[in-house]
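First comes the structure, then the notes that go with it.
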Amino acid sequence: MSAESLVRRLMRAIIQEPSTRARCFAGDSRSLRQLERGADAYEVIAQSPALRRLVTRHFGEAAGEEILAASLRWQVDARQAEAYLELLMDGAVLGTHEALVAAKRGGPLGRILESDHLIEQRLHRMIRDGPVGHTVRSPEYALPSGDAQRALERDWGAEHLAETRLMQDALAILVPANEVVHYRMTRKLRELTRGASRPGLPDLASLPSVAPWYYIHQGVGSKTARMRELLPWRLEGAYSYQEMLDATRWVLCHEFNLSPVLEEAIREDMVESIVYAIQHDDEAAELLLPSLPGPRIRTPDSDRLEGAVRDALRLTPLDASRFARARWNYLPPIVGPVEQAAEAELELRRLLEGEASPPIEGGLRPREG
């Protein structure tokens with residue numbers, strides 16, 4: 001985990017947890033008073049010498065410098081909040097990835113918003129590669145090194161996976177780039193809509209459930225991070241289409257509170273990738289066509305194919321207990337980003353609990369091997 005990711009995780013803990021705040025600002029009563037009065041938490045954190053010293057002592061100079069950089073890099077002003085509010089009111093935050101990237105390019109939101117695929121790109125790409133994509137990302141074949149994994153995918157002919165191409169035609173949503181933008185955008189929107197202060201503006205609570213406090217693109221608390229817990233990177237092939245759909249539905253519409261109406265759109269997006277595989281891969285057609293519900297479909301060009309794939313993916317109610325590690329089809333991740341994140345979590349927990357931890361020059365130690 002990079003110094004930037006580690007520091008932003010600590011900053012978020014300070015904002016959300018009073019006990020962490022008290023420990024990290026020990027002897028810095030001025031910063032604590034500013035936070036209690038509602039000042040911008042990231043600005044307060046960046047300006048605290050006590051916290052800078054604490055982070056530098058535990059994690060090195062790079063991490064100490066990142067506190068100030070994270071605050072300065074992700075500013076949000078009233079003009080940007082107004083532009084995002086307009087998108088929300090117009091329902092213009094949902095569309096194909098290609099259209100959303102074009103819509104934000106060159107405008108005031110171009111840097112602080114990101115177009116995020118509702119279904120993870122890695123799932124789309126693996127599905128479109130057909131059976132070979134599932135095989136090469138199974139526990140039997142997946143490799144610890146990312147570069148070695150991509151070479152393996154190319155050797156096996158999993159072209160979509162190996163090339164990591166963007167799914168331009170897949171369904172996506174415009175969301176804040178990270179938790180810093182999310183925090184500041186929410187503050188600006190509250191100021192903008194408080195008490196319907198301007199004619200034509202809605203109250204914040206009435207905004208559609210794609211508002212920024214539900215969902216961020218990357219970083220602490222993002223969909224990407226949560227999906228890697230449910231469907232570990234490079235082990236996606238161990239999960240069924242239904243499990244991929246259910247995990248996506250659960251994270252987006254239950255944990256992140258997006259509208260349940262989107263569940264149908266999420267399924268349609270997965271249907272498109274499955275149909276693509278059947279129509280472009282003979283092995284996929286041979287394996288999948290006999291398993292589809294309804295009358296037997298014998299050729300990939302059948303006009304019943306899309307409907308049959310849709311019928312095979314169910315939108316039944318989801319049980320929260322199913323997505324705990326004890327009950328979900330959980331697989332321990334192979335060595336890679338997930339394990340590195342776990343190591344960083346341990347270092348951060350030691351800091352927050354006040355345990356002695358030796359300084360690490362330049363940030364976290366790279367994992368051996």
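Region 42-90 to region 123-199: how many Å between their Cα centroids?
That distance is 24 Å.
Using only C-alpha positions, report the orientation-averaged shadow area of the convex hull of region 268-333, nm², one decimal.
Values: hull surface 24.4 nm².
For the Cα atoms of region 268-333, the hull's average projected area reads 6.1 nm².
With θ set to phi - 60°, apply the Karplus curve 6.51 cos²θ - 1.76 cosθ + 1.60 along region 295-306 and write out the HN-Hα couplings as whole Hz, x wherever there is a Gly or Pro.
Along region 295-306, the couplings run x, 4, 9, 9, 9, x, 8, 5, 6, 9, 4, 4 Hz.
At 222 nm, what helix-only mean residue ellipticity would the chain give, in deg cm²/dmol to the nearest 500, using -39500 (n - 2.57) for each DSSP H run of four or more?
Working: 19 runs with 192 residues, N = 369.
Value at 222 nm, helices only: -15500 deg cm²/dmol.
Set Lys and Arg Cβ to +1 and Asp and Glu Cβ to -1, take the dipole of region 162-327 about its Cα centre, and tell me which of SER240, SER259, VAL220 lies farthest positive.
My answer, from the dipole projection, is VAL220.
Tell me which of LEU32, GLN75, TYR42 sits at the most positive position along the dipole axis of region 1-92, charges placed on C-beta atoms (Lys, Arg +1; Asp, Glu -1).
Ranked along the dipole, the leading option is LEU32.
HIS254 accessible area, nearest 10 Å², 1.4 Å probe?
The value for HIS254 is about 80 Å².
Quick one: helix 179-193 against the long Cα principal axis of the chain, what's the angle to the nearest 10°, folded into 0 to 90?
With rounding to tens, the tilt is 80 degrees.
Over the Cα atoms of region 5-80, how large are the radius of gyration and the largest Cα-Cα distance (Dmax), in Å?
Rg, Dmax (Cα atoms, Å): 12.0, 39.
For the chain, with every protein chain kept in place, what is the accessible area per residue (1.4 Å probe, Å²)? Don't skip to the end; give the middle numbers.
Numbers: 17470 Å² over 369 residues.
Per-residue value: 47 Å².
Share of the chain's accessible area from carbon and sulfur, percent, 1.4 Å? Please report the intermediate quantities before stating the final value.
Numbers: 8740 of 17470 Å².
Here carbon and sulfur together make up 50 percent of the probe-accessible area.
So how strong a dipole does region 1-92 carry about its Cα centre when Lys and Arg Cβ are +1 and Asp and Glu Cβ are -1, to the nearest 20 debye?
Rounded to the nearest 20 debye, it is 560 debye.
Amide H of GLU114 versus every other amide H placed in the peptide plane: which residues, excluding those fewer than 5 positions away on the same chain, fall under 5 Å?
Counting only residues 5 or more places away or on other chains, the set is VAL175, ALA177.
Would you kindly derive the ³J(HN,Hα) couplings of region 20-37 from the backbone phi angles with the Karplus curve 6.51 cos²θ - 1.76 cosθ + 1.60 (θ = phi - 60°), listing them in order in whole Hz, with x for Gly and Pro?
5, 4, 5, 5, 6, 9, 4, x, 10, 5, 4, 5, 4, 5, 4, 5, 5, 7
Given +1 on the Cβ of Lys and Arg, -1 on the Cβ of Asp and Glu, and no further charges, what dipole in debye does the chain carry about its Cα centre, rounded to the nearest 20?
Working: 47 positive and 55 negative charges, 307 e Å.
For this selection, approximately 1480 debye.
In sequence order, what are the phi-derived ³J(HN,Hα) couplings for region 168-178 according to the Karplus relation 6.51 cos²θ - 1.76 cosθ + 1.60 with θ = phi - 60°, rounded to whole Hz, with x for glycine and proline?
Residue by residue, region 168-178 yields 5, 9, 7, 5, 9, 9, 7, 9, x, 5, 7 Hz.
Mind checking the angle between helix 262-280 and the chain's longest principal axis? C-alpha axes, 0 to 90 degrees, to the nearest 10.
Relative to the chain, helix 262-280 is tipped by roughly 50 degrees.
Once you place label points 7 Å from the Cα toward the Cβ at ARG350 and LEU192, how far apart are they in nm?
Result: 4.3 nm between the two label points.
Mind putting a number on the dipole of region 85-206 about its Cα centre? Charges go on the C-beta only, +1 for Lys and Arg and -1 for Asp and Glu, and I need it in Debye to the nearest 20.
Values: 16 positive and 17 negative charges, 123 e Å.
Computed charge dipole of region 85-206: roughly 600 debye.
Put one equal scatterer on each alpha carbon of the chain, apply the Debye formula with no solvent term, and list log10 I(q)/I(0) at q = 0.08, 0.10, 0.12, 0.13 1/Å to two decimals.
-0.48, -0.74, -1.02, -1.16
The values are calculated or read from the model by the stated rules, or taken from the named source; none is laboratory data. Remember, predicted model here, so these are calculated numbers, not experimental data. Every residue, glycine as well, gets a Cβ built from its backbone with ideal geometry; the counts of neighbours run over all protein chains shown. Calculation scope for accessible area: heavy atoms of the full protein, side chains included, ligands and nucleic acids excluded. Shrake-Rupley method; radii C 1.70, N 1.55, O 1.52, S 1.80 Å.
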